[in-house]
Amino acid sequence: FKYGCASITTVNFTPGLAGIATMEQLRFDGRVAVVTGAGGGLGKAYALLLASRGAKVVVNDLGGGRDGSGKSTFADAVVQEIKSKGGEAVADYNSVVDGEKIIKTAIDNFGRIDIIINNAGILRDKSFTKMSEQDWDLIQAVHLKGAFKTTHAAWEIFRKQKYGRVIMTSSNAGLFGNFGQANYSAAKMGLVGLANTLAIEGAKYNIKVNTIVPTAASRLTEDILPPEMFQAMKPDLIAPVVAYMAHESFPDNGSVIDSTLGFANKTHLVRSQGAVLKKKPADLVTIESVKEAWPQVVNMNNATHKEKLAEVTVELVEKLQEFEERSKLDSAN
Ligand code: NAD
């Protein structure tokens, strides 16, 4: 086999159901994956799992501190571990800000690129008053621009080969906000926006772009998570979710998947039914009529999710028709 699945036979010992069951093992043979920030934490777990299932892996890591300072070659240890288990991997020490160099490492060493896991990340947490422009810029550069540069460098290759799997890494700090993380929250929500549009642009080329929202023990969370939680929240529990999202059989495109502690769920935006901002056709929209309608504007009972911008546009056209009908009534009165 080249890509996809290998059949493995397992014996099922469930009482009453004893027998032979055939289970498909999801494999990545022939695929080349770039995992950014794979020298430690979550990225290391992703790289080890993909390599154990046959992928050739570029283990990218700048090797700096958790605030982005300095650099080193600690990606080497991950490459050694993969090789010692019979896998194939190469280290890359470029910053994701030079993402094209990371893709070049994949092409130079393995001749192709199929999967990108944009995982590299740093923190510069400060309350907004104390946040400098440098704290802002560095976070946007590593998280958002880094994902842009790395993905952009492979995009044309993905289009030509009609295959690509891209994972963005967001955070609940982005989806919900978190004190002291204005720079990080903005970048992490920016990645969801980037994934939303790339999922649309890539769809007809079989390029799927999805987002993982992990919560795991790593050097980024060692002083945030309580010790008992830190022990339990192993990156290994999230790696299978991300590996499935990177597999050719993964069905979704544009999904945001939250995962921790062997659990996964999907997050998406919903919109309220909304309200017309005046009572009678002849009324004007005023600040006061907006205030009056407000409880209905923000009432989330019967909220709906829009799968596509086109659905929002259809709704806009319907609103325009309603608006014109109301205006006709206004002038008739
Ligand atoms: P980590 O610090 O162990 O891993 C991040 C890795 O990225 C580090 O090895 C670091 O050297 C590398 N890196 C930093 N800047 C880089 C650059 N410019 N170029 C290349 N590599 C660079 O932390 P982690 O928790 O494993 O984080 C992985 C990702 O998951 C990050 O994007 C992080 O924001 C995100 N995340 C983590 C959690 C969590 O609970 N751990 C929660 C939400 C989001």
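The values are calculated or read from the model by the stated rules, or taken from the named source; none is laboratory data. Nothing here was measured: the structure is a model prediction, and the numbers come from that model. All Cβ positions, glycine included, derive from the backbone under ideal geometry; neighbour counts span all protein chains shown.
Considering only residues of the range 89-145 that are away from the ligand (no atom under 15 Å from the Cβ) and within 22 Å of Ala199 (Cα to Cα), which is surrounded by the most Cβ atoms within 10 Å (Cβ to Cβ)?
Ile115
Asp223 - would you say it is over 25 Å from Asp125 (Cβ atoms) and surrounded by fewer than 20 Cβ atoms within 10 Å (Cβ to Cβ)?
Details: over 25 Å from Asp125 (Cβ atoms): no; surrounded by fewer than 20 Cβ atoms within 10 Å (Cβ to Cβ): yes.
Spelling it out, it is not the case that Asp223 is over 25 Å from Asp125 (Cβ atoms) and surrounded by fewer than 20 Cβ atoms within 10 Å (Cβ to Cβ).
Provide a single number: the residues in the range 270-307 that are in a loop (DSSP other than H, G, I, E, B), in contact with a Lys or Arg (Cβ under 8 Å, 6 or more places away or on another chain) and surrounded by 12 or more Cβ atoms within 10 Å (Cβ to Cβ).
Here the count works out to 4.
Test each condition in (1) closer than 25 Å to Pro240 by Cα; (2) surrounded by fewer than 16 Cβ atoms within 10 Å (Cβ to Cβ) for Thr151 and report the one that comes out false.
Here Thr151 meets the rest and fails (2).
Please verify whether Glu228 is among the acidic types (Asp, Glu) and modelled with pLDDT under 95, treating the condition exactly as stated.
Numbers: among the acidic types (Asp, Glu): yes; modelled with pLDDT under 95: yes.
In short, yes.
Being farther than 30 Å from Gln161 by Cβ and within 15 Å of the ligand (Cβ to nearest atom): is that true of Met245 here?
Details: farther than 30 Å from Gln161 by Cβ: no; within 15 Å of the ligand (Cβ to nearest atom): yes.
When the stated conditions are applied, Met245 does not pass them.
Quick one: what pairs do we get from the range 172-197, first residue more than 18 Å from Lys145 (Cα to Cα), second of a type outside the set (S, T, N, Q) and assigned to a helix (DSSP H, G or I), C-beta under 6 Å, 6+ apart or different chains?
Ala173/Tyr184
Answer yes or no as to whether Ser69 is at pLDDT 95 or above, surrounded by fewer than 20 Cβ atoms within 10 Å (Cβ to Cβ) and among the polar types (S, T, N, Q). Even if it seems obvious, please write down each step before you answer.
On the way: at pLDDT 95 or above: no; surrounded by fewer than 20 Cβ atoms within 10 Å (Cβ to Cβ): yes; among the polar types (S, T, N, Q): yes.
It is false that Ser69 is at pLDDT 95 or above, surrounded by fewer than 20 Cβ atoms within 10 Å (Cβ to Cβ) and among the polar types (S, T, N, Q).
Would you call Ile207 more than 22 Å from Thr260 (Cα to Cα), of a type in the set (Val, Ile, Thr) and surrounded by 15 or more Cβ atoms within 10 Å (Cβ to Cβ)?
On the way: more than 22 Å from Thr260 (Cα to Cα): yes; of a type in the set (Val, Ile, Thr): yes; surrounded by 15 or more Cβ atoms within 10 Å (Cβ to Cβ): yes.
So Ile207 fits the description; yes.
Name the residue that is nearest to Ala55 (Cα to Cα), counting only residues in the range 74-88 that are more than 11 Å from the ligand (Cβ to nearest atom) and of a type in the set (Val, Ile, Thr).
Checked the range 74-88; the qualifying residue nearest to Ala55 (Cα to Cα) is Ile82.
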